[in-house]
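Undergrad: Dumping the structure here so I can ask a few things about it.
The values are calculated or read from the model by the stated rules, or taken from the named source; none is laboratory data. Please read these numbers as outputs of a predicted model, since none were measured by experiment. Cβ placement follows ideal geometry from the backbone for every residue including glycine, while neighbour counts extend to all protein chains displayed. Heavy atoms of the whole protein, side chains included, go into the accessibility calculation; ligands, DNA and RNA do not. Shrake-Rupley method; radii C 1.70, N 1.55, O 1.52, S 1.80 Å.
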Amino acid sequence: MGDPKKIFVLTGAGVSAESGLGTFRDRGGIWARFDPMRLATPEAYAADPDTVLDFYDHRRRGVVAAEPNAAHVALVRAETRLAARGGHLFLCTQNVDDLHERAGSRTVVHMHGELLKARCTACGAVTPWRDDLNRTSACPACGTVGRMRPDVVWFGEMPMQLDTIEDALAAADLFVAVGTSGAVYPAAGYVRQARALNIPTCEINLEPSDNAEAFDDARYGPASTALPRFLADLGL
Ligand code: APR
């Protein structure tokens, strides 16, 4: 892996698993217990906003009660050490929790949005999710009632900041995926884009992901130990 200067890190639900937040596709995962088509699509929200808002409020409360784990902390340390070498760690997460930020990561690109933010579907304003957000809530920006939704990306919607992500991927000299099953695009395609650009790739996961064969290197085990070890091997 040499001495990388620009590391692109893609994280998924597995990086927050040891903080007590559920993953989606593991046994007993969120989508094994809840139907994404009834809770994570624009149509579901239009049909039954109360149920959708309750589902995301329940997940939000879980995030608020959770704490970052050693995997989140290792990324903060690596970000700082890489910057000291004149390098840059680009952190792109599929997660909607704020554990990377609470661990101290300074720039986090949330391609699937953020659970702790609400968006008004009337004016588009994004504001912090308040505890009492429900179908009768008024937008703090425009005052419109009943148009507030979680600022997360639902199935069938476009992920966020894709241009920024693609630019960072093209400039990277190492691509690392941590705690993601490689089941959802475009994130699942990034390892192949990296390979096409001759960028070395490594997967850090509890077990081989759907994309395992696309990676040059892999470290299997819990992210809280496998990720710090991997970064330490890079002097980070
Ligand atoms: N350490 C490392 N990896 C882990 C751990 C752990 N402690 N626990 C679970 N994993 C791995 C699992 O083996 C699995 O490969 O994390 C991965 C989690 O995969 P998913 O549950 O599919 O989560 P993710 O890949 O982030 O899902 C992508 O799907 O529904 C959408 O928007 C949702 O962002 C999410 C996207």
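Undergrad: Return the pairs, sorted by first residue and then second, in which the second residue is among the basic types (K, R), the first residue lies in the stretch 11-24 and is outside any helix (DSSP H, G or I), the beta carbons are less than 9 Å apart, and the residues are 6+ apart or on different chains.
TA: L21/R59; G22/R33; G22/R59
Undergrad: A further question on this structure: May I ask you to list the residues in the stretch 22-48 that are crowded, with 18+ Cβ neighbours inside 10 Å, more than 10 Å from the ligand (Cβ to nearest atom) and under 20 Å from the mean Cα position of the chain (by Cα)?
TA: Of everything in the stretch 22-48, just one residue is crowded, with 18+ Cβ neighbours inside 10 Å, more than 10 Å from the ligand (Cβ to nearest atom) and under 20 Å from the mean Cα position of the chain (by Cα), namely L39.
Undergrad: Quick one: is L169 open to solvent by less than 60 Å² (accessible area, probe 1.4 Å), more than 8 Å from the ligand (Cβ to nearest atom) and farther than 18 Å from F24 by Cβ? It would help to see each step written out before you state the result.
TA: Values: open to solvent by less than 60 Å² (accessible area, probe 1.4 Å): yes; more than 8 Å from the ligand (Cβ to nearest atom): yes; farther than 18 Å from F24 by Cβ: yes.
Yes, satisfied.
Undergrad: Being among the polar types (S, T, N, Q) and closer than 27 Å to V145 by Cα is true for just one of T11, T51, T23. Which residue is that? Quick ask: steps written out before the conclusion?
TA: Values: T11 fails: closer than 27 Å to V145 by Cα; T23 fails: closer than 27 Å to V145 by Cα.
Just one listed residue meets the conditions, T51.
Undergrad: Against the definition (surrounded by 15 or more Cβ atoms within 10 Å (Cβ to Cβ), in contact (Cβ under 8 Å) with a residue 60 or more places away in the chain, under 20 Å from the mean Cα position of the chain (by Cα) and assigned to a helix (DSSP H, G or I)), how does R81 come out, yes or no? Explain how you work it out, then say what you get.
TA: Working: surrounded by 15 or more Cβ atoms within 10 Å (Cβ to Cβ): yes; in contact (Cβ under 8 Å) with a residue 60 or more places away in the chain: yes; under 20 Å from the mean Cα position of the chain (by Cα): no; assigned to a helix (DSSP H, G or I): yes.
When the stated conditions are applied, R81 does not pass them.
Undergrad: Does the stretch 142-149 include one or more residues that are within 16 Å of the ligand (Cβ to nearest atom) and farther than 27 Å from I199 by Cβ?
TA: Step one: list which residues in the stretch 142-149 are within 16 Å of the ligand (Cβ to nearest atom), which gives 149.
With the extra rule that they be farther than 27 Å from I199 by Cβ, the set shrinks to 149.
Yes, the stretch 142-149 contains at least one residue that is within 16 Å of the ligand (Cβ to nearest atom) and farther than 27 Å from I199 by Cβ.
Undergrad: Next question, about the same structure. Which residue out of A226, A218, A188 is among the small types (G, A, S), within 30 Å of P42 (Cβ to Cβ) and within 16 Å of the ligand (Cβ to nearest atom)?
TA: Numbers: A226 fails: within 30 Å of P42 (Cβ to Cβ); A218 fails: within 30 Å of P42 (Cβ to Cβ).
When all the criteria are applied, what remains is A188.
Undergrad: Read through the list (1) closer than 17 Å to L91 by Cα; (2) within 13 Å of the ligand (Cβ to nearest atom), then give the number of the only condition that V152 fails.
TA: With respect to (1) closer than 17 Å to L91 by Cα; (2) within 13 Å of the ligand (Cβ to nearest atom), V152 is out only on (1).
Undergrad: On to the next question. Tell me the residue from T144, T127, T136 that is assigned by TED's automatic domain parsing to the domain that holds V52 and open to solvent by less than 30 Å² (accessible area, probe 1.4 Å), please. Don't jump to the end; show me each part of the working.
TA: Values: T144 fails: open to solvent by less than 30 Å² (accessible area, probe 1.4 Å); T136 fails: open to solvent by less than 30 Å² (accessible area, probe 1.4 Å).
So the residue among T144, T127, T136 that is assigned by TED's automatic domain parsing to the domain that holds V52 and open to solvent by less than 30 Å² (accessible area, probe 1.4 Å) is T127.
Undergrad: Looking at the stretch 104-130 only, could you name the residues that are on the phi > 0 side of the Ramachandran plot and outside any strand (DSSP E or B)? Give the steps one after another, and end with the answer.
TA: Within the stretch 104-130, the subset on the phi > 0 side of the Ramachandran plot is 104, 113, 124.
Correct list: G104, G124.
Undergrad: So in the stretch 49-72, with the set limited to residues that are within 16 Å of the ligand (Cβ to nearest atom), assigned to a helix (DSSP H, G or I) and touching a residue at least 60 places away in the same chain (Cβ under 8 Å), which one is surrounded by the most Cβ atoms within 10 Å (Cβ to Cβ)?
TA: Here the answer is A71.
Undergrad: For the stretch 131-149: of the residues being assigned to a strand (DSSP E or B) and under 23 Å from N95 (Cα atoms), which is nearest to the chain's Cα centre (by Cα)?
TA: The initial filter retains those residues of the stretch 131-149 that are assigned to a strand (DSSP E or B), namely 138, 145, 148-149.
With the extra rule that they be under 23 Å from N95 (Cα atoms), the set shrinks to 148-149.
Working: M148: 22, R149: 19 Å.
Only one residue tops the list, namely R149.
Undergrad: Considering only residues that are over 16 Å from the mean Cα position of the chain (by Cα) and open to solvent by 10 Å² or more (accessible area, probe 1.4 Å), which ones fall in the stretch 173-191?
TA: D173
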